[in-house]
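Presented below is the structure to which this report refers.
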Amino acid sequence: MADSSKSIKNKLSGLTDKVAGEAKEQYGKISEDRKTVVEGKRQKVKGQEEETYGKALEDHDQDR
């Protein structure tokens, strides 16, 4: 059960980072701030990694 809550936490955190990263990237494009665009892209990748890790934990928990 602990793995289940950890997987949900990782997936939610990942989704939050992906959404925030997208917003930051778009803001950077509008304001023509390349640094902000890159930060947004980096945050989206981090979010995707967290979400993928959470899904892997969930799959592992289901296989038990």
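Numbers at a glance
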| item | result |
| --- | --- |
| Zone residues, the range 36-53, relative to residue 26, backbone N less than 20 Å from point 7 Å out along Cα-to-Cβ | 36-48 |
| Positive minus negative residues near residue 25 (Lys, Arg vs Asp, Glu; Cβ under 14 Å) | +4 |
| Calculated P(r) of the chain - Cα pairs past 18 Å, % | 43 percent |
| Cα-centred dipole magnitude for the chain, charges only on beta-carbon of K, R (+1) and D, E (-1), debye, nearest 20 | 260 debye |
| Signed unit charges on C-beta, dipole axis of the chain, positive-most listed residue 31, 5, 43 | 31 |
| Proximal lysines relative to residue 29, as straight alpha-carbon distance under 22 Å, when same-chain residues fewer than 8 apart are discounted | 18, 41, 44, 46 |
| Between helix 34-63 and the chain: long-axis angle, C-alpha atoms, 0 to 90°, nearest 10 | 10 degrees |
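FYI, it's all coordinate maths here, none of it is from the lab. Only a predicted model underlies this, so the values are computations on that prediction, with no experimental measurement involved. Because the Cβ atoms are built from the backbone with ideal geometry, glycine has one as well, and the counts that use them run over all protein chains shown.
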